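Scroll down for the structure; my scribbles are underneath it.
The values are calculated or read from the model by the stated rules, or taken from the named source; none is laboratory data. Given the structure is predicted, the values throughout are model-derived calculations rather than measurements. With ideal geometry, Cβ positions are generated from the backbone for all residues, glycine too; neighbour counts draw on all protein chains shown. When the accessible area is computed, the model is the full protein with side chains, heavy atoms only, and any ligands, DNA or RNA have been set aside. Shrake-Rupley method; radii C 1.70, N 1.55, O 1.52, S 1.80 Å.
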Amino acid sequence: MSQTKTPQGFYKPLAIGAPEPYRQLPVSLERMIHFIPPHIEKIRSKIGDMIPKVDVILGNLEDAIPADEKENARAGFIEIGENNEFGNTGLWTRVNCLNSPWFLDDVTEIVSKIGNKLDVIMLPKVEGPWDIHYLDQLLAQLEARHEIKKPILIHAILETAEGVNNVEDIASASPRMHGMSLGPADLAASRGMKTTRVGGGHPFYGVLEDADGDKERTLYQQDLWHYTIAKMVDACMGNSIKPFYGPFGDFSDSDACRAQFRNAFLQGCLGTWSLHPSQITLAKEVFSPNVDEVLFAKRILEAMPDGTGAVMLDGKMQDDATWKQAKVIVDLAKIVATKDPEMAKAYEM
Ligand code: GLV
Ligand code: MG
């Protein structure tokens, strides 16, 4: 017996009166998902100024919010949603995990009060497609009850060993899937990795160069997250949803943060989390395609107007495949240009 829905069934609303699921994700710029703690009044008062400076604002209700502030955080997030207009900046929340005492009220209260403003729910500690199916059905019921006009999307955090095992099934679980982020802290704990960091490298994880007499040997540090990010990117892009890096916890080391963001960007990720204002700037820099790359990519597209054949540009061979690579970069630059006039000028768009 088949375990998957028919193609027709896949796109059927899961409750009578719920909006039609998207067949394609809406185009949106999401270079950084900026995390804020909504129980803090001073933070709430600054949201208006923050909206034009970030691509996504996320009200965090899960880890880092103390247990006795969970309800204040939820109420604070609803207040933020009610009191602000977000324009083309996304409004997301990270709810508590499915087995917590707060999840059900997080989702039901938020959708009932600000469901028409909410773009995406980030779901932590997703283990398999069953977690997505549950939230998918619940959201459809709430959307129907509260007359929500557009589907609220789900973004999963990949942060358990079981979740990594099931990553492809999670990515294809529902047309409500927006994408996925790496959760390196929980994932490290779940896997039994011997680290105490939130993302980034580790000085002991490396390859020692070959012995050469008495010469001192260098340990070349490797990227601890390469395997997981690559697996997540394939699962996401193979299902037309978006892969993201996640948190980088050492705010004092912007060089290491930039390097980690850049590896994720080059491997296919479209954005990251920002947990500190300094990371907003870093994320903008890294997740907006490089100006020289964009200008070169534009030359490739211009040199091959129908995307076929082979030409030489500056001694480098271009063909149908490099045309597609160039299109990825130019398409992303065009989205950046719609939000960022300075980048539009630099990209000559
Ligand atoms: C994020 O939630 C993480 O666990 O790294
Ligand atoms: Mg986590």
Please state the charge dipole magnitude for the chain, taken about the Cα centre, from unit charges on C-beta atoms (+1 on K and R, -1 on D and E), reported in debye and rounded to the nearest 20. 720
Measuring from the longest principal axis of the C-alpha atoms of the chain, the long axis of helix 277-287 (C-alpha) lies at a number of degrees, nearest 10, equal to 60
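If each residue of separation counts as 0.36 nm, what is the full-extension length gain between Lys117 and Arg217 once their alpha-carbon separation is subtracted?
Gain in length upon complete extension: 30.4 nm.
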In degrees, nearest 10, range 0 to 90: what is the angle between the Cα axis of helix 226-237 and the longest Cα principal axis of the chain? 60
Using only the alpha-carbon atoms, how far is helix 70-83 inclined from the longest principal axis of the chain? Give it as 0 to 90 degrees, nearest 10. 80
With the charge dipole of the chain built from beta-carbon charges (+1 for Lys and Arg, -1 for Asp and Glu) about the Cα centre, the Cα from Leu187, Ala73, Gly48 projecting farthest to the positive end belongs to Gly48
Quick check: convex hull of the Cα atoms in the stretch 290-349, volume per residue, rounded to a whole Å³? 70
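Cβ under 11 Å from His133's Cβ, His133 left aside: what net charge do those residues give with Lys, Arg +1 and Asp, Glu -1? Kindly include the intermediate steps, with their values, before the conclusion.
Values: positive: Lys5, Arg176; negative: Asp131, Asp136, Asp169.
Charge balance in the 11 Å sphere: -1.
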Between Asp255 and Glu147, 0.36 nm times their residue separation minus their Cα-Cα distance comes to what? 34.3 nm
Within the stretch 22-112, GluC sites (Glu not before Pro) in DSSP loop having at most 12 other beta-carbon neighbours inside 10 Å: Glu85
Along each principal axis of its Cα atoms, how long is the chain end to end? Whole angstroms, biggest number first, please. 65, 55, 54
Counting only protein heavy atoms and a 1.4 Å probe, tell me what percentage of the chain's accessible area is made up of carbon and sulfur. 53
Distance-filtered residues of the stretch 210-252 - backbone nitrogen under 14 Å, label point 7 angstrom along Glu168 Cα→Cβ: 231-240
Could you tell me what percent of the DSSP beta bridges with both partners in the chain are antiparallel, to the nearest 5? 20
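Around Ala310, with a cut-off of 13 angstrom between Cβ atoms, what is the net charge of the other residues, counting Lys and Arg +1 and Asp and Glu -1?
Spelling it out: positives minus negatives among the neighbours equals -2.
Using the Cβ atoms and a cut-off under 10 Å, what net charge is assigned to the surroundings of Phe248, where Lys and Arg are +1 and Asp and Glu are -1? Working shown, then result.
Values: positive: Arg197, Arg258; negative: Asp250, Asp253.
Spelling it out: positives minus negatives among the neighbours equals 0.
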Please work out whether the stretch 170-319 counts as rounded, prolate or oblate from its C-alpha gyration tensor, where a ≥ b ≥ c are the square roots of the eigenvalues and a/c under 1.5 means rounded, while otherwise a/b larger than b/c means prolate and anything else oblate? oblate
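List the relative contact order of the chain as a percent without decimals, with contacts defined as Cα pairs under 8 Å and 6+ residues apart.
Numbers: 604 pairs, mean separation 49.6, N = 349.
For the chain, the relative contact order is 14 percent.
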Given contacts defined as C-alpha pairs under 8 Å and at least six residues apart, what's the relative contact order of the stretch 14-104, whole-number percent? 30
Got the relative contact order for the stretch 290-349 handy, in percent, Cα pairs under 8 Å and 6 or more residues apart? 33
Cα centroid separation - the stretch 182-212 against the stretch 59-133, whole Å: 30
